[in-house]
Amino acid sequence: MTHPPYLHPDYASTVLRAPSRPPLEMKEDPEAAELTGPVFGHGEVDPLDADLTAGHPGEPIGERIIVTGRVLDAAGHPVPNTLVEIWQANSAGRYAHQRDRHPAPLDPNFTGAGRCLTDDEGRYRFVTIKPGAYPWRNHPNAWRPAHIHFSVFGRAFTQRLVTQMYFPGDPLLPFDPIFQSVPDPAARERLVSTFDLDVTEPEWALGYRWDIVLGRTPMEDA
Amino acid sequence: MITPSQTVGPFFGFALPYDGDWELVPEGHPGAVTITGRVLDGAGEPVPDALLELWTGDAGTRGALGRGGAGVSGFGRCGTAPDGSYRFRLAPPARPYAALLVFARGLLKPVRTRVYLADVPDPLLGSLDPARRATLLARPEGQDVYRFDVRLQGERETVFLEF
């Protein structure tokens, strides 16, 4: 099983929010609204939105990184022109969100939200800074590993995916109940990006590569 | 080789909402209806940090992100308020339902359901007993307003779907 279960008691917030019944399996219906999805126009997404280090008076504090990869369908075909949204904490592990009470500094030069459309080969590319780990109150001494949140649409509403990208070698991964909620270790590893010297730009930014594979659509079975 | 889902977490509010995200049609659009309700957890408490996405199945002519123009969009997004409430303004969909996705802290993957604006003959509705079917039916409430609560867990738990 690729996806985590709804109920994963180690992640305390699932206990009152996980549905108690399994989802109802839909019968095949080629007319179902869910087999299509919204289309996003190039005019709707500013190319500058893919650079999270821009748009502020100065440079953000932190390790500048490039995060790039491809959005693919389950058959390995690229998914072009699909919206990818990301958000993250700053290099100190603090979100630009009013409910984040972690006593780490905000960075006036970093908000931590970006978006782009994939190109004709399904590629996305963001410039950002490496997010910091941060504490949360799930259990005593709980820390989230560094991660970037990803939201991807795909071709159909059934493919809609929200997930998190992690960094290789993070010592917090074995202790994180959200990462560990994915039961299959091989599937879990697919959430970890790869350091890539070819993506790295000399004297400027480290490069990480991470491909995203969306689920099949029921139509693809036909 | 599918990428696993992870929770949207509590801190998406500065990133995913956008201007007019809940307005699939502009204010004053002829025939527009509003779907509103609350997201509730297994204790009946409101979920103040959920994100809902509505899809009618028809892209329409209005931007999905850029809401400047007139016309109709098939896609909307709405984060819940502190009382767990959300709303969408839309043109009545061509189908008897709109598709709904709910993301939240504590949901490691989204729940998906359908908001039916009428109790019409339908394969999904017809497969459910009356109590379960009722969880998918939006209740008319005043003129052009429909109420649809999402109960994530427990008694009267909303019927969630898998494709």
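Just so it is clear, none of the values below were taken in a lab; they were calculated from the coordinates. The shown structure was predicted, so the numbers you read here are calculated from the model rather than taken from an experiment. All Cβ positions, even for glycine, are placed from backbone atoms using ideal geometry, and neighbour counts span all protein chains on display.
Label-to-label distance for A:Glu203 and B:Ala94 is 5.7 nm, based on points extended 7 Å past Cα in the beta-carbon direction. Can you pull the mean other chain C-beta count within 10 Å for peptide A:41-52? Neighbouring Cβ atoms belonging to other protein chains average 1 per residue here.
Averaged over the residues of B:127-134, the number of partner chain Cβ atoms lying within 10 Å of the residue Cβ comes to 1.
Can you say what percent of the DSSP beta bridges in chain B, counting only those with both residues inside, are antiparallel? Round to 5. Counting DSSP beta bridges with both partners in chain B, the antiparallel share is about 80 percent.
Relative to the compact globular guide of 2.2 N^0.38 Å, what is the alpha carbon radius of gyration of chain A, as a ratio? Can you show the working numbers first?
Details: Rg = 18.3 Å, N = 222, 2.2 N^0.38 = 17.1 Å.
After normalising by residue count via 2.2 N^0.38 Å, the value is 1.07.
Using the Cα coordinates of region A:1-113, the gyration tensor eigenvalues translate into equivalent-ellipsoid semi-axes of 33, 25, 13 Å, sorted from longest to shortest. Reported to the nearest whole Å, the Cα centre-to-centre distance from region B:10-80 to region A:29-61 is 16. Rg and Dmax, both from the Cα atoms of the protein assembly as shown and both in Å, are 20.3, 65. Please return the longest range in chain A lying between exposed loop sites, taking trypsin sites (Lys or Arg not before Pro), DSSP loop only, at most 13 other beta-carbon atoms within 10 Å, and leaving the sites out. Longest run free of exposed loop sites: A:138-222. D by Stokes-Einstein for region A:102-222, Kirkwood Rh over Cα pairs, 20 °C, 1.002 mPa s: 129 µm²/s. Shown here for region B:80-163: GluC sites (Glu not before Pro) in loop regions (DSSP other than H, G, I, E, B) with at most 15 other Cβ atoms within 10 Å, namely B:Glu141, B:Glu155.
Computed over chain B, the P(r) curve from all C-alpha pair distances, binned at 10 Å from the origin, holds 10, 40, 37, 13, 0 percent per bin.
Grab the DSSP H runs of chain A that are 4 residues or longer, score each as -39,500 (n - 2.57), total them, divide by all residues and round the 222 nm result to the nearest 500 deg cm²/dmol.
Details: 1 runs with 5 residues, N = 222.
That comes out to -500 deg cm²/dmol.
Looking at the calculated P(r) for region B:14-90, what percent of the C-alpha pair distances fall above 16 Å? Don't skip to the answer; put the middle values down first.
Numbers: 1450 of 2926 pairs.
More than 16 Å apart: 50 percent of the Cα pairs in region B:14-90.
Cβ crowding within 10 Å ranks A:Thr217, A:Thr128 as A:Thr217, A:Thr128, fewest other Cβ atoms first. Region A:151-222 and region A:68-140 have their alpha-carbon centroids 11 Å apart.
Where in region A:113-156 does the label zone of B:Glu45 land, with the point 7 angstrom along Cα→C-beta and an amide N cut-off under 18 Å? Flagged as within label range: A:136-140.
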